[in-house]
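Step one of this worksheet: look at the structure below.
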């Protein structure tokens, strides 16, 4: 590995700056350090740092991981990165299909999903652990 990096595009820089600003605004409230946040999504602290300082270009997977860490909508965090995917998603009827799938759920399933979506990341993990435990019994 030569250590050379490809310069970030203007859109990639904007997305990295937005994610960094969100991180700085929310890290204390979420009780996170870079190391804990990175570990929660399978990254090293160094990788996390490279992304938020714009030394590594964000990709869709990275944006989704940051959205998980920061409990934010990924499209709000990095619309520049996700817009191409959104165009493809919409061109295949994605939004209508998602709404139809949601409508197909029973009322109690919709309420459960709505409540789950309101939870922060750590509580979602706790709920999932509890559900897995209940299923295994």
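Which of (1) at pLDDT 75 or above; (2) under 22 Å from the mean Cα position of the chain (by Cα); (3) exposed (fewer than 13 other Cβ atoms within 10 Å of the Cβ); (4) farther than 30 Å from residue 28 by Cβ does residue 128 not meet, given it meets every other one?
(4)
So, of the residues in the range 22-32 that are without any contact (Cβ under 8 Å) to a residue 40 or more places away in the chain and surrounded by 12 or more Cβ atoms within 10 Å (Cβ to Cβ), which turns out to be nearest to residue 124 (Cα to Cα)?
Within the range 22-32, the match that is nearest to residue 124 (Cα to Cα) is 32.
The values are calculated or read from the model by the stated rules, or taken from the named source; none is laboratory data. None of these values were measured; they are calculated from a predicted model. So basically every Cβ, Gly included, is an ideal-geometry build from the backbone, and we count neighbours across all protein chains shown.
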